[in-house]
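Some notes on the structure that comes next.
The values are calculated or read from the model by the stated rules, or taken from the named source; none is laboratory data. Just so it is clear, the model here is predicted, and its values are computed rather than measured. Cβ atoms come from the backbone with ideal geometry, glycine included; neighbour counts cover every protein chain shown.
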């Protein structure tokens, strides 16, 4: 209860922070090459320990390598992530300058809403209506699902297969893992078998490689924005035609970051989907449709015309015979 109250207070404070958002816009600009070089140099100091290389060759004697192993970050993955141009110290501030770090340093770790106040308030309203909030509200935070050292926006990843792999890993790491599920929901005696729950869905595992769980488990009313209102199996989308039709919702959800430049590239209504995968029901080409309709009409007219011509010529021959 206290944690929820604390989050509410933070949300209220976030409203105040919005008043300063315009002033902070200038600070949100990407770092200059010189600034980025300094950030990379500073972060390299952190990676001397918090990387596989640091684990193999510790910079100090007596380090707790077992604990360090749980706190490793891949420098290349971090550099490519959404936070990759930020200094580690932006979030890891007070208490992290000491080595070893202060015992309570993690308690002063920056909160996501410190930078993402507006987004956090919108997401909180959505999350409060989610199935996760119903059962586990006090155990969920942004970091429960989103790893700040690895996550990238879909618009940045662009490749739908990479987007699906990243987003579904979040869900499957818990819902397809007994150990992780038990930590989040210790009151449940057994993790529900995810394959059994989705047995209505043909080729279930192949679907999870091609589309995100949230395509079906979040409201589809607003196709242009994804929601944190994760719904349970009773409210989940189970209509195949939501995706398998010429106006597939995937076009404006999963593939929206490619749609503008590729949608009309090959003339297909869903060329952006077809260039990455095959979705039954989304394979229509408007030009071919017209050609096929034209060919069908021409065939029918040809048959009717041929029949009519046969009737006319037959009557003419009979008329000549009678004469």
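Overview of values
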| read-out | value |
| --- | --- |
| Evaluation of residue 209 against (1) surrounded by 14 or more Cβ atoms within 10 Å (Cβ to Cβ); (2) over 19 Å from residue 132 (Cβ atoms); (3) in contact (Cβ under 8 Å) with a residue 40 or more places away in the chain (one fails), failing number | (1) |
| Identity of the residue in segment 212-236, touching a residue at least 12 places away in the same chain (Cβ under 8 Å) and farther than 20 Å from residue 134 by Cα, that ends up surrounded by the most Cβ atoms within 10 Å (Cβ to Cβ) | 212 |
| Elements of type helices (runs of 4 or more DSSP H) in segment 176-250, at least 2 residues being modelled with pLDDT of 85 or more, in contact with a helix residue (DSSP H, G or I) (Cβ under 7 Å, 6 or more places away or on another chain) and farther than 28 Å from residue 138 by Cβ | 204-210 |
| Helices (runs of 4 or more DSSP H) wholly inside segment 67-161 containing at least 3 residues that are touching a helix residue (DSSP H, G or I) at 6+ places or on another chain (Cβ under 7 Å) | 117-127, 154-157 |
